[in-house]
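Before any comments, here is the structure.
The values are calculated or read from the model by the stated rules, or taken from the named source; none is laboratory data. Given the structure is predicted, the values throughout are model-derived calculations rather than measurements. Glycine also receives a Cβ, built like all others from the backbone with ideal geometry; neighbour counts cover every protein chain displayed. The accessibility values were calculated without ligands, DNA or RNA, using every heavy atom of the protein model including side chains. Shrake-Rupley method; radii C 1.70, N 1.55, O 1.52, S 1.80 Å.
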Amino acid sequence: MKGILVILDGLGDLPNKLLNDRTPLEAAHMPNLDFLTARGKMGYMYPVRPDFIPEADESLVSIFGNNLISSTRGQLEASGTDLKLTRGDLATRANFAAIDSLKSGNILDRRVGRTLTTRESEALAKAINTKVRLSTKFTFLPTIQHRGILVLRGGLSDSITNNDSAYNQGVFQEISKIRLCKPTDEDENSQYTANIVNEFLEKAHEVLNEHPINKERTSKGLLPANYILLRGAGVAPPQLKKYPKWFSVSYMPLEMGFSNLSGMEVHSFGYPELEDIDSYANLYEGLKRACDFSIKMIQKHHKRLDYAYVHINETDIPGHDNKPIEKKLMLEYIDSTLFDFLRKFAPSNNIKIIVTSNNSTPCKLKNHTADPVPVLLYDDSMPEERHFSEKEARNGILGKIIGKDLLNKLGFNK
């Protein structure tokens, strides 16, 4: 093995009063990552380009050297599941969401307060699949927590807008109202597709709003999962650069699908089910499995393939939830497990490591921003005391990096 790319999702942050005006990365005690940092080089990266607020798919596609306007995220996510698609099937990423009513259309929470259990999401999805009737066949698949995938079968267009448009081609806008999908061109099929999607949204809401699970959730003071938000429509998988000498350790549909379509060997594990409303206990269980599994896969496959791509998702979520202390604690856990292993494993096997992120998710803003993310290249340089952080990375010798240039600039494509 020549190199390992570690992406800590949503890593970039801003100074926070709860951390004495430090970022979670600055505040975290990470001696193992500091060991690697002291023997490496730092810089900072705009995952797509400056002044662009990336969604997870846009940044990931860019970091691996692709220059795409749209990644058709729904196709990426579907490729990370057992769903079988044919050309013309319209795939979209879906969120279970909470609204007050269809008439007023106020969005209460885009993620149902992160309290939707696996049992509940599966039951709600089953109701949608059995009770919603459209003129075209469809499949609604729940994936992890509030996430899902909608596939509408056969001969449709992806020239439609999202009804979940918090992020739209590099711009963030706070959305408080539901909206209809609209065609983005004059083609009749685009209008037809938008009509079908909007019909699905209305009928799915009727089913969800009256479902016993949502009645029970409301009675307990929990938000109802009574609406579906969609984004990233695609009728064909994106054409991505191939990485046949890489393997991927990923466990969310997006990263698994991206890795599949990029020609990587994908290794994953079953994410722990959310069994009650303590979503952070579930996240820590998932984080533990992710770190343990990553170590196991690197040990198992480092003699067969040239590069490993390891994606840790959990660090993004405290940013969206304004929980800087949780983000700090997650970083410290990753340091005590994954980076503790890499500190010992990489030098003895002459392996380079890149540590970076796909986007900044500052806790106090609760959303992705256009801020750059820190980059570390561990290459066993002469030691010089450093701490891996946003501020120090901005002064690093690697300087400014644009996402699509990262791997080539740091020698990970040779």
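Quick one: LEU60 ticks every box in (1) crowded, with 18+ Cβ neighbours inside 10 Å; (2) in a loop (DSSP other than H, G, I, E, B); (3) not acidic (Asp, Glu) bar one, so which box is it?
With respect to (1) crowded, with 18+ Cβ neighbours inside 10 Å; (2) in a loop (DSSP other than H, G, I, E, B); (3) not acidic (Asp, Glu), LEU60 is out only on (2).
How many residues does segment 309-333 hold that are within 23 Å of LEU407 (Cα to Cα), aliphatic (A, V, I, L, M) and in a helix (DSSP H, G or I)?
0
Looking at segment 94-140, which of its residues are closer than 19 Å to GLY74 by Cα, of a type in the set (Lys, Arg) and more than 19 Å from the chain's Cα centre (by Cα)?
LYS137 - this is the single residue of segment 94-140 that is closer than 19 Å to GLY74 by Cα, of a type in the set (Lys, Arg) and more than 19 Å from the chain's Cα centre (by Cα).
Report whether or not MET45 is open to solvent by less than 40 Å² (accessible area, probe 1.4 Å) and farther than 19 Å from SER59 by Cβ.
When the stated conditions are applied, MET45 does not pass them.
Quick check on my filter: what residues within segment 79-93 are over 14 Å from the mean Cα position of the chain (by Cα) and either surrounded by 16 or more Cβ atoms within 10 Å (Cβ to Cβ) or hydroxyl-bearing (Ser, Thr, Tyr) (or both)?
SER79, THR81, LEU83, LEU85, THR86, ASP89, LEU90, ALA91, THR92, listed by residue number.
Scanning segment 1-38 for residues that are of a type in the set (A, V, I, L, M, F, W, C) and under 25 Å from GLU55 (Cβ atoms), which turns out most open to solvent (accessible area, probe 1.4 Å)?
LEU14
Can you run down the residue pairs with Cβ atoms below 7 Å, 6 or more apart or on separate chains, where the first is in segment 345-366 and more than 25 Å from PRO47 (Cα to Cα) and open to solvent by less than 10 Å² (accessible area, probe 1.4 Å) and the partner is part of a loop (DSSP other than H, G, I, E, B) and among the aromatic types (Phe, Trp, Tyr)?
Sorted first by the residue in segment 345-366, then by its partner, the list stays empty.
For segment 301-311, indicate whether the set of residues that are out of contact with any Lys or Arg (no Cβ under 7 Å at 6 or more places or on another chain) and within 30 Å of ILE160 (Cβ to Cβ) is non-empty.
Within segment 301-311, one or more residues are out of contact with any Lys or Arg (no Cβ under 7 Å at 6 or more places or on another chain) and within 30 Å of ILE160 (Cβ to Cβ).
Working only within segment 1-30, note down all residues that are in a helix (DSSP H, G or I) and either within 22 Å of the chain's Cα centre (by Cα) or more than 14 Å from SER389 (Cβ to Cβ) (or both).
Answer for segment 1-30, where residues must be in a helix (DSSP H, G or I) and either within 22 Å of the chain's Cα centre (by Cα) or more than 14 Å from SER389 (Cβ to Cβ) (or both): LYS17, LEU18, PRO24, LEU25.
I'd like the full set of residues that are outside any strand (DSSP E or B) and touching a helix residue (DSSP H, G or I) at 6+ places or on another chain (Cβ under 8 Å), limited to segment 285-308.
GLY286, LEU287, LYS288, ALA290, CYS291, ASP292, SER294, ILE295, ILE298, GLN299, HIS302
Does segment 38-51 contain at least one residue that is assigned to a helix (DSSP H, G or I) and modelled with pLDDT of 95 or more?
Yes: segment 38-51 contains one or more residues that are assigned to a helix (DSSP H, G or I) and modelled with pLDDT of 95 or more.
Looking at ILE196, ILE160, ILE178, ILE99 in this structure, which one is among the aliphatic types (A, V, I, L, M), within 24 Å of LEU274 (Cβ to Cβ), in contact (Cβ under 8 Å) with a residue 12 or more places away in the chain and touching a strand residue (DSSP E or B) at 6+ places or on another chain (Cβ under 7 Å)?
ILE99 is the lone residue from the list that is among the aliphatic types (A, V, I, L, M), within 24 Å of LEU274 (Cβ to Cβ), in contact (Cβ under 8 Å) with a residue 12 or more places away in the chain and touching a strand residue (DSSP E or B) at 6+ places or on another chain (Cβ under 7 Å).
Find the residue count for segment 225-275, including only residues that are under 24 Å from ILE128 (Cβ atoms) and in contact (Cβ under 8 Å) with a residue 60 or more places away in the chain.
Going through segment 225-275 one residue at a time, the tally reaches 20.
I'd like to check something: does segment 270-283 contain any residue that is part of a loop (DSSP other than H, G, I, E, B) and within 17 Å of SER59 (Cα to Cα)?
Taking every residue of segment 270-283 in turn, none turns out to be part of a loop (DSSP other than H, G, I, E, B) and within 17 Å of SER59 (Cα to Cα).
Looking at this structure, is GLU265 touching a Leu at 6+ places or on another chain (Cβ under 9 Å) and among the acidic types (Asp, Glu)?
yes
Taking strands (runs of 3 or more DSSP E) that do not extend beyond segment 82-193, which have at least 2 residues that are in contact with a His (Cβ under 7 Å, 6 or more places away or on another chain)?
Hits in segment 82-193: 90-99.
Residue by residue through segment 367-385, note down the ones that are hydroxyl-bearing (Ser, Thr, Tyr) and either surrounded by 16 or more Cβ atoms within 10 Å (Cβ to Cβ) or in contact with a His (Cβ under 6 Å, 6 or more places away or on another chain) (or both).
THR369, TYR378
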